[in-house]
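Contents: one structure, followed by commentary.
The values are calculated or read from the model by the stated rules, or taken from the named source; none is laboratory data. Quick caveat: nothing in here was measured; it's all calculated off a predicted structure. For neighbour counting, all protein chains shown are included, and Cβ atoms are generated from backbone atoms with ideal geometry for every residue, glycine included. Only protein heavy atoms, including side chains, enter the accessible area calculation; ligands, DNA and RNA are left aside. Shrake-Rupley method; radii C 1.70, N 1.55, O 1.52, S 1.80 Å.
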Amino acid sequence: MKRSFLILILILIWIGLVFYFSSQPPDVSGRQSGSVYKFLKKIDSVLDFTRTNWYKNLRSLLEKWWFPDKKPTGEDLVRKSAHFGLYFIMGILSFTFSYTYLRKYVFSILLGVSLPTLIAVLDEYNQVFHNRGSSLYDVFIDMNGALFGVVIALLILVVGRLITRTYNVHRGEG
């Protein structure tokens, strides 16, 4: 019960963070993503990851998936990756909260995707009040981030259970 309460607090803090970002005026939001982009460029100047096949393939996939109608800039990719990442974490938190509270896989998967998707819709609506554009496509990216987070959390849970079960069988407890 304590663990569920702690995770619920983390979810509420995370939702607050999402709404904080979406409440920023367009110029502030642009500066934030620009700063992150410049930081990543500095890291790239040292590690040179943008020349790797892995990076090129990932960028190509994300461009096709997130920008089917245009060629995105590096900052565009940073902004959409931030959407995906924020909701990826919210998906993990929502799934984990539900599972620790109810111990039901299906309900936890549904909550892990639907709660972040609801927040994404409200988040996009909130942006309208701060002179920022609202995009159903961003909701789609957010929902995919949450779904991916839920899949990762579910895989970790299942693998953890299999390891525990295997360990207990070898110890003679199973």
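What the table below lists for this structure:
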| item | result |
| --- | --- |
| Ratio of the Cα radius of gyration of region 108-167 to 2.2 N^0.38 Å, where N counts its residues | 1.54 |
| Computed over the chain, the ratio Rg/Rh where both radii use C-alpha atoms and Rh is Kirkwood | 1.05 |
| Gyration tensor (Cα) of region 1-95, equivalent ellipsoid semi-axes in angstrom | 29, 17, 14 |
| Angle between the chain longest axis and helix 2-22 axis [Cα atoms, degrees, rounded to 10] | 10 |
| Angle in degrees between helix 74-102 and the longest Cα principal axis of the chain, rounded to the nearest 10 | 20 |
| Reference-scaled alpha-carbon Rg (2.2 N^0.38 Å with N residues) for region 73-153 | 1.14 |
| Degrees, to the nearest 10: 105-128 long Cα axis against longest axis of the chain | 20 |
| The chain - accessible surface per residue (Å², probe 1.4 Å) | 64 |
| Loop-resident sites, region 33-129, for chymotrypsin sites (Phe, Trp or Tyr not before Pro), counting at most 14 other Cβ within 10 Å (DSSP) | PHE129 |
| nm² value of the averaged projected area, convex hull over the Cα atoms of region 41-101 | 5.6 |
| Carbon and sulfur %, accessible surface of region 1-71 computed with the full protein complex present, 1.4 Å | 67 |
| Only Lys, Arg (+1) and Asp, Glu (-1) charged, at Cβ; the chain dipole about Cα centre in debye | 520 |
